[in-house]
1. Name the residue that is farthest from the chain's Cα centre (by Cα), counting only residues in region 45-56 that are among the polar types (S, T, N, Q) and open to solvent by 50 Å² or more (accessible area, probe 1.4 Å).
2. Being within 24 Å of Thr24 (Cβ to Cβ) and of a type in the set (A, V, I, L, M, F, W, C) narrows it down to one residue among Val90, Val70, Val95; which is it?
3. When residues of region 101-125 are filtered for being small (Gly, Ala, Ser) and surrounded by 18 or more Cβ atoms within 10 Å (Cβ to Cβ), how many remain?
4. Mind listing whichever residues of region 34-54 are closer than 26 Å to Thr79 by Cα and hydrophobic (A, V, I, L, M, F, W, C)?
5. Within region 18-28, is there a residue that is in contact (Cβ under 8 Å) with a residue 40 or more places away in the chain, open to solvent by less than 20 Å² (accessible area, probe 1.4 Å) and part of a loop (DSSP other than H, G, I, E, B)?
6. Filtering region 127-148 down to residues that are in contact (Cβ under 8 Å) with a residue 40 or more places away in the chain and surrounded by fewer than 16 Cβ atoms within 10 Å (Cβ to Cβ), which residue is farthest from Asn72 (Cα to Cα)?
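The values are calculated or read from the model by the stated rules, or taken from the named source; none is laboratory data. Keep in mind that this is a model prediction, so the values were computed, not measured. Here the Cβ positions follow ideal geometry from the backbone for every residue, glycine too, while neighbour counts run over all protein chains shown. Protein only, heavy atoms only, side chains kept; ligands, DNA and RNA dropped before computing areas. Shrake-Rupley method; radii C 1.70, N 1.55, O 1.52, S 1.80 Å.
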Amino acid sequence: MKILVINGPNLNLLGRRENDIYGTMTLDDINASIENLAKELNVEVTISQSNHEGEIVDMIHNAKDYAALVINPAAYTHTSVAIRDAIAAVEIPAVEIHISNIYKREEFRHKSLISPVAHGQVSGFGPESYLLGLRAAVSIANAKKGNS
């Protein structure tokens, strides 16, 4: 089983930006944790990051060989109809994740355009959100496969 993990804008700066909100782990550290868990779960992961909305949309469009998507859309959570529509257009279950609890932050972050088309959302658990999201994605994909 293959799972696609997509990281949105500014996540390449993790470990160097707003450590009080995002912690000190770098994206490379988080990716290593994801890859270790993927081995435990016996799944293959592809991990990508882009600061460009269109590239993220293209990644989603090209995800036809994946059983599920784990996405941290970052700031695009609140602004990107294009990413929302891409997730809705493909028939791949998506798990939306966030390092911080977006509902405890500025009011503009309380609205996710992605949540209505995602299978579920994990937020507020720091880098652990990725691991919880991966576990959820694998569970959802296995359930979907069992229903096929």
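1. This residue is Asn51.
2. Result of the check over Val90, Val70, Val95: Val70.
3. Of the residues in that region, 3 qualify.
4. Answer for region 34-54, where residues must be closer than 26 Å to Thr79 by Cα and hydrophobic (A, V, I, L, M, F, W, C): just Ile47.
5. No, because not a single residue in region 18-28 is in contact (Cβ under 8 Å) with a residue 40 or more places away in the chain, open to solvent by less than 20 Å² (accessible area, probe 1.4 Å) and part of a loop (DSSP other than H, G, I, E, B).
6. Lys145
Quick grid of which residues meet (1) assigned to a loop (DSSP other than H, G, I, E, B); (2) at pLDDT 95 or above; (3) surrounded by 18 or more Cβ atoms within 10 Å (Cβ to Cβ):
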position: Asn12; (1), (2), (3): no, no, no
position: Gly15; (1), (2), (3): yes, no, no
position: Ala38; (1), (2), (3): no, yes, yes
position: Asp58; (1), (2), (3): no, yes, no
position: Val70; (1), (2), (3): no, yes, yes
position: Glu96; (1), (2), (3): no, yes, yes
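A quick yes/no check of all residues on (1) at pLDDT 95 or above; (2) closer than 20 Å to Ala32 by Cα; (3) assigned to a helix (DSSP H, G or I):
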| residue | (1), (2), (3) |
| --- | --- |
| Arg109 | no, no, yes |
| Pro116 | yes, no, yes |
| Val122 | yes, yes, no |
| Ser129 | yes, yes, yes |
| Leu132 | yes, yes, yes |
| Arg135 | yes, yes, yes |
| Val138 | yes, yes, yes |
| Lys145 | no, no, yes |
